[in-house]
Amino acid sequence: MSSTGCRLYLVSPPEIDAPRFSGQLEAAFDGGDVACLQLRLKDCDDARILRAAELLAPVCNRRDVPLLINDRPDLAAIGDSDGAHIGQEDATFEEARRLLGPDKVIGVTCHDSRDLAIAAVENGADYVAFGAFHRTGTKSAGTRATPDILEWAADILPVPTVAIGGITPSNCPPLVRAGANFLAVVSAVWDHEHGPAAAVRAFNDAIARTLERGPDGFGGGPPD
């Protein structure tokens, strides 16, 4: 996962029809730059998750987009994926790394906590995720993060950061200016009135405009 500037990190809806969703994913990729897809299926048995990963992996591979499986490093280890994203209540990082080996990506949810982020980095996380930054209907968010944690992470942490939670093209500029390397989005892409390709274009345009204006809101390009 390249962290140059700020890029879009797609998260699947919690329920999908995998064959139909593969077409939506192709359309999203046609809309512009996408850094990653996280397969985040809830209330699904293992076979459905693995089958979805099997169907979506070729779509991702053709575009050189890593596919991560949420919550389940055990399934990521045996399925068609490039790694896993784990929360604080999922498998421990040590268990995830044991299952996945040294080369696959592991990202860790850190809510609004600097301490959790530091611990994740010390354990060897490939990226850390903060949120929720805005109200979201995708999941019940127990924490509310603010852009200053992204500024802190950009100065302190040696790994990329992901911002998540109710992010849209209109409200993402402060997160981009604060130094987020990735914007994780769900409904703002898959529920967009003009389809996922239009949504991805809108996000990429918003990111580009923000970086062109610079971290202070004026000219000067992206932050160092």
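Quick note: the coordinates plus some simple rules give every number you see, no bench work behind them. Since we're looking at a predicted model, the values are computed, not measured. Don't worry about glycine lacking a Cβ; one is built from the backbone with ideal geometry, like all the others, and counts go over all protein chains shown.
Before moving on, here are some points about what is shown:
- Most fluctuating residue given options D74, D45, D30, as computed from a GNM of the chain linking Cα atoms under 10 Å: D45
- Once C-alpha pairs closer than 8 Å and six or more residues apart are averaged by separation and normalised to the residue number of the range 7-212, the relative contact order reads 21 percent.
- Amide H contacts of R7: F182, L183, each under 5 Å away and 5 or more positions distant or on a separate chain (H built 1.01 Å from N in the peptide plane; Pro and chain starts excluded).
- The Cα center of the range 151-199 and the Cα center of the range 63-91 differ in position by 20 Å.
- For K104, K42, order by how many other beta-carbon atoms lie within 10 Å, fewest first: K42, K104
- Most mobile listed residue (H111, H192, H134) in the chain, GNM with C-alpha springs under 10 Å: H192
- Along its three principal directions, the equivalent ellipsoid of the range 1-53 from the Cα gyration tensor extends over semi-axes of 23, 13, 8 Å, largest first.
- Radius of gyration and Dmax over the Cα atoms of the range 7-212, both given in Å: 15.8, 45
- Where only DSSP H runs of four or more residues are counted, the chain gives -12000 deg cm²/dmol as its mean residue ellipticity at 222 nm, each run worth -39500 (n - 2.57).
- DSSP assigns beta bridges within the chain; of those with both partners inside it, close to 0 percent run antiparallel.
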